[in-house]
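Step one of this worksheet: look at the structure below.
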Amino acid sequence: LLVEDGTAAEDEKKKTQRALRQHLHQIELDLERTFPNHPEFRTGGDDDDDDTAPQTGRDETENSTDTTTSETKTEYGQKLQPLRRVLSALALAVPEIGYTQGMNFVCGFCLLVLESSGLGLDNDNSSCQHQLEEQCFWLMRSILTDVLPNYFAPGLANLRHDLDLLDSEFLELAPDAHASLEL
């Protein structure tokens, strides 16, 4: 009996490890898709390739008020590593949810809001990043398990339920508008 329990436990461990590897792979795929136009999530940082940058028609090196420095350019994508760490920690800590697409945007938004608010963050830069990631982890865990339970769980059961409810309420309140949105 003990051998069978050991084999079952080993099989469950392998299944969990395989699921975690799949979640980590999906996180890697989604990282660069997270707010691709936001500088803190954008990879590269080469403004020359940015067609949306305003063209002044003059040499930018002559502009003495230009605040773009090599230091600023190194900040491009600075939220990708924290995002990776928080999402990976969540996939490990909440295995019944793991990682699903869309969590990256919620988590990225949380990182930006928590940092801009400065709530509970030390002024010491060496610990500030760790505190930001830790606060983001706990906020995301609460969102995933308490605020929006099963919104991001496999199958997205509660999200689908709420969207169906919203659809039926919208149909009841504004049938003409609802009909114009139907595909």
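The values are calculated or read from the model by the stated rules, or taken from the named source; none is laboratory data. In this text, all values refer to a predicted model and were calculated from it rather than measured experimentally. Here Cβ is always computed from backbone atoms with ideal geometry, including for glycine, and neighbour counts include all displayed protein chains. Quick note on the areas: whole protein, heavy atoms, side chains included, nothing else; ligands and nucleic acids left out. Shrake-Rupley method; radii C 1.70, N 1.55, O 1.52, S 1.80 Å.
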Open item on the list: What is the percent carbon and sulfur in the accessible area of segment 78-183, measuring with a 1.4 Å probe over the protein chains and ignoring ligands?
Closed with: 60 percent
Task: V147 versus A89: modelled label distance in nm, points set 7 Å from Cα along the beta carbon direction - done: 1.7 nm
- [ ] Find how much the distance from A179 to A8 grows on full extension, using 0.36 nm per residue of separation minus their present alpha carbon separation; answer in nm with one decimal.
- [x] 56.3 nm
Task: Sequence of R85, R141, R42, R160 when ordered by accessible area, the most exposed leading, probe 1.4 angstrom - done: R160, R85, R141, R42
Task: Table column - 3J(HN,Hα) (Hz), segment 166-181, Karplus curve with 6.51, -1.76, 1.60, x for Gly and Pro - done: 4, 4, 5, 5, 5, 4, 5, 7, 9, x, 5, 5, 4, 5, 5, 8
Open item on the list: Can you give me the C-alpha center-to-center distance between segment 83-117 and segment 125-183, rounded to a whole angstrom?
Closed with: 13 Å
Task: Derived scalar couplings ³J(HN,Hα) [segment 150-159; Karplus, 6.51 cos²θ - 1.76 cosθ + 1.60; whole Hz; x for Gly, Pro] - done: 6, 5, 10, 5, x, x, 6, 3, 6, 4
Task: GluC sites (Glu not before Pro) lying in DSSP loop within segment 84-176, provided at most 10 other Cβ fall within 10 Å - done: E96
Task: Cβ-based net charge around Y151, under 14 Å, with every Lys or Arg adding one and every Asp or Glu removing one - done: -2
